[in-house]
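See structure below.
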Amino acid sequence: MTKFQGVVFWLLSKTRLKRKLYFRYEFNFRPNQLSYFIDCLDKTSNVNGDILEIGIDRGHTTVFLKKHMQAVKNTKKYICLDLFSKSEGFVDHDVEHEVKKRGKEHFMFDNHTASEIDDIKYILELNKICENVEFIKADVSEYKFKDKCSAKSR
């Protein structure tokens, strides 16, 4: 960090932006869950097929998993399926599932703004992990997985 950057950082740390400057755990998963995902990636690295992440949110888990895949030279296609809409947010039935089945609180979904596809592409580019990624803009409950799978097997 240059002296100028240090001064700017120090000045910003004296404002309301302070909480954005310092690391905060922002994953929607606990560390043991992220560890489980890594274990699944490693155990299936020699199995044919792509990797599918459903629900991208702001891309934190996407970056984490793609960075791991890069580190272990896993070149499988990584598919991101999401509504990718800042205006639509979470679908009501998805919120109810998260609250009833996963024990999350309703307030976690208030004023939620998901990322657009361009936002996620930019995040992946910043992290140098944008290769071999496909984006599908869809509601998972309406997406025709069978059509996608059968088209690949032809």
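Derivation of every value follows stated rules applied to the coordinates shown; laboratory data play no part. This is a predicted model, so every value here is computed, not measured. Neighbour counts are summed over all protein chains in view; Cβ atoms, including those assigned to glycine, are modelled from backbone coordinates with ideal geometry.
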Label model pair Glu116, Val7: point-to-point distance (7 angstrom along the Cα→beta-carbon line) in nm is 3.6 nm
Expressed as an acute angle from 0 to 90° and rounded to the nearest 10, what is the orientation of the C-alpha long axis of helix 92-102 relative to the principal long axis of the chain? 80 degrees
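Peptides 74-80, 8-14, 59-65, 20-26: what's the order by average Cβ count within 10 Å, highest mean first?
The most tightly packed comes first, giving 59-65, 74-80, 8-14, 20-26.
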Just how many % of Cα pairs in segment 1-62 lie over 18 Å apart, if you round to the nearest whole percent? 58 percent
So, with +1 on the Cβ of K and R and -1 on the Cβ of D and E, and no other charges, what is the size of the charge dipole of the chain about its Cα centre, to the nearest 20 debye? 720 debye
What angle do you read, to the nearest 10 degrees and between 0 and 90, between the alpha-carbon axis of helix 3-12 and the longest principal axis of the chain? 80 degrees
So I have (1) 17.9; (2) 15.7; (3) 20.2, and one of them is Kirkwood radius over Cα pairs in Å calculated from this model. Which one is it? (1)
Quickly estimate the mean residue ellipticity at 222 nm for the chain, helices only: each DSSP H run with n ≥ 4 gives -39500 (n - 2.57), and the total goes over all residues, rounded to 500. -13000 deg cm²/dmol
Among beta bridges assigned by DSSP with both residues in the chain, the antiparallel ones amount in percent, to the nearest 5, to 0 percent
Could you tell me the calculated FRET efficiency between Arg102 and Phe145, based on Cβ-Cβ distance and R0 = 25 angstrom, to the nearest 0.05? 0.70
Can you compute the FRET efficiency between Ser45 and Thr15 using 1/(1 + (r/R0)^6), with r the Cβ-Cβ distance and R0 = 41 Å? Round to the nearest 0.05. 0.35
Which angle between 0 and 90 degrees, to the nearest 10, do you get for helix 60-71 versus the longest principal axis of the chain when only C-alpha atoms count? 70 degrees
